Amino acid sequence: MTTRILTSIALAGLLAACAGDRSEQIARQNAADHQACLDLGFTEGTEDYGNCRLKLREIRAMEQNSRSSGNVGVGIGIGIGL
């Protein structure tokens, strides 16, 4: 019983640590995007600044999709995704 409780506490701690890392990563990315748009000459709060931020997000999504596209194959209707 005690082992089960300790295991649950350890698992909860690990999950919390992972969530914290993701939050920090998002905050760092937002700060980098903000600075990149300012460096490009956009003024925070303007439509052009918003478009800059959206474009950076779009580019990141396209890069992520291109990295994961190696998992796609061609087949005839039936396949196993591993």
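The values are calculated or read from the model by the stated rules, or taken from the named source; none is laboratory data. A quick note: this is a predicted structure, and the numbers were derived from the prediction, not measured. Note that each Cβ is placed from the backbone with ideal geometry, even for glycine, and that neighbours are counted across all protein chains shown.
A few comments on the model shown:
- Checked against (1) small (Gly, Ala, Ser); (2) modelled with pLDDT of 95 or more; (3) surrounded by 10 or more Cβ atoms within 10 Å (Cβ to Cβ), SER8 passes all but condition (2).
- Selected residue [at pLDDT below 70, of a type outside the set (Gly, Ala, Ser) and either assigned to a helix (DSSP H, G or I) or in contact with a Leu (Cβ under 6 Å, 6 or more places away or on another chain) (or both)] from LEU14, LEU82: LEU14
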